[in-house]
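I have placed the structure first, in the form of structure tokens, so that the comments after it can refer back to it.
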Amino acid sequence: MANVNIKIEGRSFKVDDSLTILQAARACGYNIPSLCSWKNGRCSLASCRVCLVALRGQNRLVPSCAYPVSEGLDILINDPMAIEARRTSVELLLSNHSMNCQSCSKNGQCELLEVSRIVGARPDVYVGAKTPTTYDNLAPGLIRDTSKCILCGRCVETCKAEQGLGILGFEKRGFDTIVSPSANRSFAEVPCIQCGQCVNVCPTGALMEQSEIDKLDQAFAEGKYVIVQTAPAVRAAIGEEFGEKIGTSCTGKMVAALHRLGFYRVFDTNFGADLTIMEEANEWIKRLSTKGTSPMITSCSPGWVNFIEYYYPNLIGHLSSCKSPHQMLGAIVKSYYAEKHNIDRSKICVVSIMPCIAKKYENKRPDNAVDGIADVDVVLTTRELAKLIRRAGITWKKLPNEEFDHDLIGEYTGAGVIFGVTGGVMEAAIRTAYHILTGEELEPVEFTAVRGLKGIKDAELEINHQKYKICVASGMKNAKILLDQIQAGESPYDFIEIMGCPGGCVNGGGQPFVKELFLPNEEDDILQTYIQKRAQVLYDKDKFKAVRRSHLNKDIITLYNDFLGEPGSPLAHKLLHTKYNSKREKYPNPHEEGFYNKKK
Ligand code: SF4
Ligand code: SF4
Ligand code: SF4
Ligand code: FES
């Protein structure tokens, strides 16, 4: 890397020669509008032409997100030709857009509207035929509305680059071009894992989560005991919806808002995370002692579970049979809690506020129910919670800090909190597994080798003079590497944690949008930075918690003593464990040898 001298609007700057004009301009204090660029001002497609700038002396315009800086480049942002071209680019996008902003769920956070305002675009300059559109709401988690798609390709790139999948692509040609799964099929008809990473990067309302707010309203209207729980990652990001800085912990205000929304009880999913650790650590130790399927892989990320069911069904035996924390908490509320309070379990509605879109599928899996009653009835994302708070007229800034409810259940440890970040489940599991195997406590309690945002992290752990190899991965492109090793019989690991979303739940598909246009200039890699900031909230919570090991959670100890027996007991299995099924039959793998012959 070297520095080059450039000029922007006649002023001289020295910038890194690896930057695009857009990146360099942002570093120098100029924010050129952009739409298709993602990942801090770099774009391989350059499809929207919203970031055009002029080059002095060359009488031409170039897309700043794809054009590299070079020695002597003289860039004009405020050039009349560039101003006009940027406005025309946006007006052309608007001419093929449904523009029903009033009812659009992206309203208030739409990057197209924001860019339109900045460039002064007029909506009705170009009027004519519009591309035929598709509205797909058949999948449990996702909605695709091509009438709002600007063909920026961010979703296409994200699904391919981050998840290694390629569910979305450009279909058809010219005026008829749309972005969709192959042959414009529904998300429900393709092996999409419902992770929602594509939703997170979509600048418009073309990709959104399925809202379940109506289901919640119905539960209140029916007079049910509506009990809510919130996942750890939600508190680390909900404040962003109300103008708080990225990385602000908002537990107290979030709980206060939930109390004001009228929930019967407000529980922390961290309790469910502690319970998951009790079951999962015991399952791992049992597998070790009985020489069961190894390495065992965690199962609390439903996007990841979808992935293995679709793409590596022969490895399903490696998955822990534990339900995810919110499912466990739901199952305990509808059994232990209901029994102790003499409440008819069919009259309870469990609502999970999650950073995740795939959870909207997970709670509908038939095996995540006990005696035909689902553990969790409604799943809302962090973004949907923000909508509920706004709809109820609650002023975020004026909310006090309140505590989660503690009623038979609810106590949680630092181990439960770190579930929301990649490596957290492994770290929490190790704290408890070490205790079970040695009778002593792991010191220091932090196992930092599995922290950080690297896609794959591995480490060695010594327990009773025996060395165990552990590994943590997030994002499906990284999961593939580990699964291919297992497939080839070359995995060196004893225990693996995998999360569907890169960075873990703090970067889940249901978290507040981080808009490209408003990314701070000073950060090198904003994606890493915002995930890191949210993750730090959870690590800080763990650090300051008096009890940091799941097996020391008093409510969990009482739950086992009074109700479940011991981890892995028949009742624990009935309530807290689940089953997985191959989805390969439904979606055969075209890369498999003989696939095309079989189809004939
Ligand atoms: S995506 Fe944006 S511009 Fe389009 S309808 Fe929704 S809010 Fe309006
Ligand atoms: S939800 Fe995930 S797997 Fe499905 S299309 Fe979007 S990024 Fe790809
Ligand atoms: S669906 Fe969204 S992210 Fe994908 S191409 Fe369309 S506007 Fe861009
Ligand atoms: S062409 Fe540069 S942001 Fe779209």
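The values are calculated or read from the model by the stated rules, or taken from the named source; none is laboratory data. Computed from a prediction, not measured in an experiment: that's the story for all the values here. With ideal geometry, Cβ positions are generated from the backbone for all residues, glycine too; neighbour counts draw on all protein chains shown.
Among the conditions (1) on the phi > 0 side of the Ramachandran plot; (2) in the same structural domain as Lys334 (by TED's automatic domain parsing), Gly153 misses just one, which is (2). So, in region 354-382, of the ones that are touching a residue at least 24 places away in the same chain (Cβ under 8 Å) and assigned to a strand (DSSP E or B), which residue ends up surrounded by the fewest Cβ atoms within 10 Å (Cβ to Cβ)? In this case the residue turns out to be Ile373. Has region 206-226 got at least one residue that is within 16 Å of ligand 3 (Cβ to nearest atom), farther than 30 Å from Arg265 by Cα and in a loop (DSSP other than H, G, I, E, B)? Scanning region 206-226, I find at least one residue that is within 16 Å of ligand 3 (Cβ to nearest atom), farther than 30 Å from Arg265 by Cα and in a loop (DSSP other than H, G, I, E, B), so the answer is yes.
Total residues in region 135-150 satisfying the condition of being in contact with a strand residue (DSSP E or B) (Cβ under 6 Å, 6 or more places away or on another chain) and within 6 Å of ligand 3 (Cβ to nearest atom): the figure is 1.
Note on region 168-179: residues that are surrounded by fewer than 23 Cβ atoms within 10 Å (Cβ to Cβ), within 12 Å of ligand 3 (Cβ to nearest atom) and not in a loop (DSSP other than H, G, I, E, B) amount to 4. When Ser37, Ser12 are checked against the criterion of being away from ligand 2 (no atom under 16 Å from the Cβ) and surrounded by fewer than 17 Cβ atoms within 10 Å (Cβ to Cβ), Ser12 stands alone in meeting it. Out of region 45-98, which residues are under 26 Å from Thr134 (Cα atoms), more than 16 Å from ligand 1 (Cβ to nearest atom) and assigned to a loop (DSSP other than H, G, I, E, B)? Passing the criteria: Leu45, Ala46, Ser47, Arg49. All conditions but one from (1) surrounded by 13 or more Cβ atoms within 10 Å (Cβ to Cβ); (2) within 16 Å of ligand 1 (Cβ to nearest atom); (3) not in a loop (DSSP other than H, G, I, E, B) apply to Arg117; the one that does not is (1). Pairs are defined by a Cβ separation below 8 Å, a sequence spacing of at least 6 or placement on different chains, a first member in region 92-105 that is away from ligand 4 (no atom under 16 Å from the Cβ), and a second member that is of a type in the set (Ser, Thr, Tyr) and part of a loop (DSSP other than H, G, I, E, B); the pairs so defined are Ser95/Tyr126; Ser98/Thr133; Ser105/Ser211. Within region 271-299, residues that are closer than 18 Å to Ile463 by Cα and in contact (Cβ under 8 Å) with a residue 40 or more places away in the chain have Cβ atoms under 9 Å from residues that are part of a loop (DSSP other than H, G, I, E, B) and of a type in the set (Phe, Trp, Tyr) in these pairs: Ser294/Tyr493; Pro295/Tyr493, counting only partners at least 6 apart in sequence or on another chain. Identify the residue in region 151-167 that is assigned to a loop (DSSP other than H, G, I, E, B) and out of contact with any Phe, Trp or Tyr (no Cβ under 9 Å at 6 or more places or on another chain) and, among all such residues, is farthest from ligand 3 (Cβ to nearest atom). Filtering first and then ranking leaves Gly164.
When region 120-143 is filtered for residues that are within 11 Å of Arg87 (Cα to Cα) and surrounded by 15 or more Cβ atoms within 10 Å (Cβ to Cβ), only Ala121 remains.
Against the definition (within 16 Å of ligand 1 (Cβ to nearest atom) and aliphatic (A, V, I, L, M)), how does Val228 come out, yes or no? Spelling it out, it is not the case that Val228 is within 16 Å of ligand 1 (Cβ to nearest atom) and aliphatic (A, V, I, L, M). Checking Gly247, Gly262 one by one, the residue that is part of a loop (DSSP other than H, G, I, E, B), small (Gly, Ala, Ser) and within 20 Å of Gly508 (Cβ to Cβ) is Gly247 and no other.
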